[in-house]
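Accompanying notes for the structure given below.
The values are calculated or read from the model by the stated rules, or taken from the named source; none is laboratory data. The model shown is predicted, which means the values in this text are computed figures rather than measured ones. Because the Cβ atoms are built from the backbone with ideal geometry, glycine has one as well, and the counts that use them run over all protein chains shown. Note: accessible area is taken over every heavy atom of the protein model, side chains too, but ligands, DNA and RNA are not part of it. Shrake-Rupley method; radii C 1.70, N 1.55, O 1.52, S 1.80 Å.
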Amino acid sequence: MNNILSALASWSNEGREPMDDSTNNEPSTDRAGSPISAERASKRRRRSPSCNDEVIDCDTTAKQLALPTEVWADVMEFLPFDMILTCGAVSRSFLFETMPLITTLRIDKSAQMNKEVASRFRDVTDIHINSLLKLRIAEEGTPDEMQIINLDLESKIRVVPFMSRFGALERVYFGGKYRSGVVVEGFASADGWFWEDGDGYPHEAPWDAMMSFIDMLSAAFDTGAFPKQLRLFGLSCPNILNRMGNQCSTCQRACKSFPLDSVITFESEGSSVSNACSGRTHGLDVCLPMADVESIIESRPGGKELLRSDSRFLRLLCAGRCWKIKSDDSERVLLFVKYTKSQLDEMKRVIQYTELDVKKLSAQKLQAAILNCFGNGHSIVPNCQRYLSESSLNYLKDELGLCVDMRSVGESVSDLCRYVEPIVQIFVQYFDENALFSYDNTEILSDCLKLIRQFLELESDAPMHHIARAIPTLAKLLTSMPYYPYDENVEDKMEAAKSLNLFLTKGTNMHRRMVVNAGVVSKFSRLLDGWNDDKSIIKVALLGLVNILDRERFLVDTVVDEEGIQKLIALLESSDSVCVRARYVYW
């Protein structure tokens with residue numbers, strides 16, 4: 001590798017062809033039509049088993065089938081950087097004609113960032129650097145899983161001088177690699193931990209190394225080493241998770257030094273994770289609150305105008321987190337999009353800050369922004385493979401006042417039946433103590449619960465036999481789940497209780513026995529305790545006990561043993577607004 005780099009860096013631009021040292025001073029005559037070529041062709045004809053004089057000369061054929069230089073440049077953009085250098089080392093045409101036309105480079109090793117070789121790539125606009133950030137996962141597959149990020153010192157030293165050699169450079173993407181060398185898909189640097197302990201330079205801690213690297217980038221912009229149009233993606237301040245004080249001079253300097261068009265797209269306090277995990281690019285994620293970033297933007301020329309633009313709100317609307325749920329009976333993948341609470345709160349704040357009249361935003365703009373969440377900015381999947389979280393949709397419509405049509409951005413529940421099994425699998429596996437634990441689906445557990453209940457409510461073709469395996473897990477949710485980083489709430493307990501009731505009323509005898517065997521009688525009975533102030537869930541629990549007694553009369557003794565009858569009678573005596581008629585409860 002180093003020999004190739006040295007050779008490429010030393011070859012002059014006068015047209016001298018790279019070759020072995022033993023022939024470097026001799027003119028090359030091994031071309032189609034040359035004496036050497038004719039001799040080689042003659043040897044091939046003599047060696048031909050059929051002694052056919054019509055054997056085609058490979059050199060002549062290669063010349064006739066040669067691709068245009070522009071086509072080779074497009075092909076080489078998909079090759080590893082080492083392969084591109086090898087092509088340039090063995091071919092004069094590649095070196096002097098093709099390499100200057102390449103627009104995208106992918107760097108996987110620090111040694112590839114040679115500033116002399118960089119001068120060979122005249123038209124490069126995009127560089128993907130995957131050698132700087134290294135990811136290690138500790139306690140993988142457990143609730144204590146942690147992503148630890150280290151910086152490659154050699155890459156850190158080389159990045160800025162290397163990038164400064166490309167005059168046409170517009171975008172640089174920083175990815176991550178595992179220690180095995182495999183590139184991390186959906187790499188989110190804001191979701192990793194940078195250790196603070198180190199022995200000082202050059203063995204400084206990752207936290208210090210990342211901070212100094214961001215400062216180096218700011219200095220490069222300040223001194224004009226980088227083109228003004230350059231945008232950087234994939235980086236984050238290590239202070240987001242490793243909180244070391246409220247004021248971060250590194251992030252403040254970046255907000256003042258990076259181009260204004262870049263600063264307006266900065267993420268804040270870990271908000272980049274949704275974009276990164278969804279396969280989308282994101283700007284620098286700073287540890288400052290967005291209000292502080294806006295204050296710095298306002299102090300810069302032209303900043304106020306950018307802040308008042310509706311593009312800020314639309315950019316937030318493009319950043320919903322996207323999960324991929326694969327159907328078991330086909331190759332189709334359901335793209336499930338949801339906005340986090342912090343994202344929705346930020347949208348509301350931006351609307352108030354900019355005094356934006358959302359009613360004046362065209363439905364086409366809103367739809368395009370939401371649909372961007374389902375893609376990577378280049379392609380959008382068909383409507384039958386999209387679903388926008390109901391809670392997110394309701395917030396957009398009710399809290400923010402956006403005019404959004406559900407059918408224009410995703411499917412209805414009745415059209416998602418082909419994805420019942422994988423949705424149930426997400427829910428069941430999360431709470432299975434024997435399964436490999438994953439944080440990825442934590443944020444959509446409530447949505448999966450709601451979808452399970454809505455599947456059971458379908459008038460026809462309710463897929464109960466696919467959902468029945470979730471009954472034990474639904475029963476668990478009626479009590480606390482202390483061993484999981486799961487933010488349990490009354491709404492989820494309500495959804496679980498409603499789903500169990502649907503099994504009791506619409507299911508078969510087998511389904512009802514499964515509900516009872518999951519210990520639901522005692523759990524419903526506990527929900528009737530007086531300390532529970534949520535009357536709506538008391539109503540559902542009451543309805544559940546009534547359904548059990550009505551359909552499984554032999555379980556009366558079980559209900560009595562769990563004090564269900566006593567609590568039910570006490571509840572009826574304590575409130576005139578509760579009455580039981582036939583199989584229904586009225587409140």
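Consider residue 230 carefully, then state whether it is modelled with pLDDT of 90 or more and touching a Phe, Trp or Tyr at 6+ places or on another chain (Cβ under 6 Å). It is false that residue 230 is modelled with pLDDT of 90 or more and touching a Phe, Trp or Tyr at 6+ places or on another chain (Cβ under 6 Å). Selection within region 138-156: residues that are open to solvent by 50 Å² or more (accessible area, probe 1.4 Å) and free of Cβ contacts under 8 Å to residues at least 12 places away in the same chain. The member of this set that is farthest from residue 113 (Cα to Cα) is 144. Could you list, in sequence order, all residues of region 484-517 that are open to solvent by less than 30 Å² (accessible area, probe 1.4 Å), in contact with a Ser or Thr (Cβ under 8 Å, 6 or more places away or on another chain) and either part of a helix (DSSP H, G or I) or modelled with pLDDT of 90 or more (or both)? Those that are open to solvent by less than 30 Å² (accessible area, probe 1.4 Å), in contact with a Ser or Thr (Cβ under 8 Å, 6 or more places away or on another chain) and either part of a helix (DSSP H, G or I) or modelled with pLDDT of 90 or more (or both): 492, 494, 495, 516.
Limited to region 262-299, what total is found for residues that are in contact with a Leu (Cβ under 8 Å, 6 or more places away or on another chain) and in a helix (DSSP H, G or I)? Working first, answer last.
Our first condition is that a residue be in contact with a Leu (Cβ under 8 Å, 6 or more places away or on another chain); within region 262-299, this holds for 262, 264, 266-270, 283-285, 294, 297-298.
Next, only the ones that are in a helix (DSSP H, G or I) stay: 262, 294, 297-298.
Total satisfying the criteria: 4.
Which of the residues that make up region 162-181 are open to solvent by 50 Å² or more (accessible area, probe 1.4 Å) and modelled with pLDDT under 95?
Applying the first criterion (open to solvent by 50 Å² or more (accessible area, probe 1.4 Å)) to region 162-181 yields 165, 167, 170-171, 178-180.
165, 167, 178, 179, 180, listed by residue number.
Across region 319-330, the qualifying residues are those that are surrounded by fewer than 16 Cβ atoms within 10 Å (Cβ to Cβ) and not in a loop (DSSP other than H, G, I, E, B), and the one among them that is farthest from the chain's Cα centre (by Cα) is 326. If only residues of region 288-318 that are open to solvent by 10 Å² or more (accessible area, probe 1.4 Å) and of a type in the set (A, V, I, L, M) are counted, the one that is modelled with the highest pLDDT is 296.
Number of residues in region 424-444 that are out of contact with any helix residue (DSSP H, G or I) (no Cβ under 6 Å at 6 or more places or on another chain) and not aromatic (Phe, Trp, Tyr): the value is 11. Looking across region 240-261 at every residue that is of a type in the set (Gly, Ala, Ser) and at pLDDT below 95, the one that is nearest to residue 170 (Cα to Cα) is identified as 249.
Looking only at residues that are more than 20 Å from residue 226 (Cβ to Cβ) and touching a Lys or Arg at 6+ places or on another chain (Cβ under 6 Å) in region 82-128, which one is surrounded by the fewest Cβ atoms within 10 Å (Cβ to Cβ)? Ranking the candidates gives 100 first. Residue pairs, Cβ under 7 Å, 6 or more apart or interchain, first in region 451-475 and part of a helix (DSSP H, G or I), second acidic (Asp, Glu) and open to solvent by less than 70 Å² (accessible area, probe 1.4 Å). List them. Pairs that qualify, where the first residue is part of a helix (DSSP H, G or I) and the partner is acidic (Asp, Glu) and open to solvent by less than 70 Å² (accessible area, probe 1.4 Å), are 453/495.
If you take just the helices (runs of 4 or more DSSP H) that sit entirely in region 49-139, which of them hold at least 1 residues that are under 30 Å from residue 151 (Cβ atoms) and modelled with pLDDT under 90? It would help to see each step written out before you state the result.
Values: elements: 58-64, 69-76, 81-90, 115-118.
Counting at least 1 such residues, we get 69-76, 81-90, 115-118.
Taking the criterion of being in a loop (DSSP other than H, G, I, E, B) and either modelled with pLDDT of 90 or more or open to solvent by 50 Å² or more (accessible area, probe 1.4 Å) (or both), the residues of region 386-436 that qualify are 389, 400, 401, 402, 403, 405, 432, 433, 434, 436. With respect to (1) within 19 Å of residue 344 (Cα to Cα); (2) open to solvent by 40 Å² or more (accessible area, probe 1.4 Å), the lone exception for residue 285 is condition (2). Among the residues of region 331-341, some residue qualifies, meaning at least one is hydroxyl-bearing (Ser, Thr, Tyr) and either open to solvent by less than 50 Å² (accessible area, probe 1.4 Å) or in a helix (DSSP H, G or I) (or both).
Is it true that some residue in region 159-174 is over 25 Å from residue 116 (Cβ atoms), in a strand (DSSP E or B), among the β-branched types (Val, Ile, Thr) and within 23 Å of the chain's Cα centre (by Cα)? Let's see the steps before the verdict.
First pass over region 159-174, keeping only residues over 25 Å from residue 116 (Cβ atoms): none.
The answer is no, given that none of the residues of region 159-174 is over 25 Å from residue 116 (Cβ atoms), in a strand (DSSP E or B), among the β-branched types (Val, Ile, Thr) and within 23 Å of the chain's Cα centre (by Cα).
Suppose we keep only residues that are open to solvent by 30 Å² or more (accessible area, probe 1.4 Å) and assigned to a loop (DSSP other than H, G, I, E, B) within region 242-261. Which one would you say is nearest to residue 184 (Cα to Cα)? Checking each candidate, the answer is 243. On inspection, residue 209 fails the criterion of being touching an Asp or Glu at 6+ places or on another chain (Cβ under 8 Å) and either surrounded by 14 or more Cβ atoms within 10 Å (Cβ to Cβ) or not in a loop (DSSP other than H, G, I, E, B) (or both). Scanning region 437-450 for residues that are assigned to a helix (DSSP H, G or I) and either among the polar types (S, T, N, Q) or within 17 Å of residue 508 (Cα to Cα) (or both) yields 442, 446. Candidates 444, 370: the one that is within 24 Å of residue 501 (Cα to Cα) and open to solvent by less than 50 Å² (accessible area, probe 1.4 Å) is 444. Please work out if residue 542 is modelled with pLDDT under 85, open to solvent by less than 30 Å² (accessible area, probe 1.4 Å) and touching a strand residue (DSSP E or B) at 6+ places or on another chain (Cβ under 7 Å). The answer is yes for residue 542. Filtering region 145-194 to residues that are among the charged types (D, E, K, R) and within 17 Å of residue 209 (Cβ to Cβ) leaves 152, 154, 156, 158, 177, 179.
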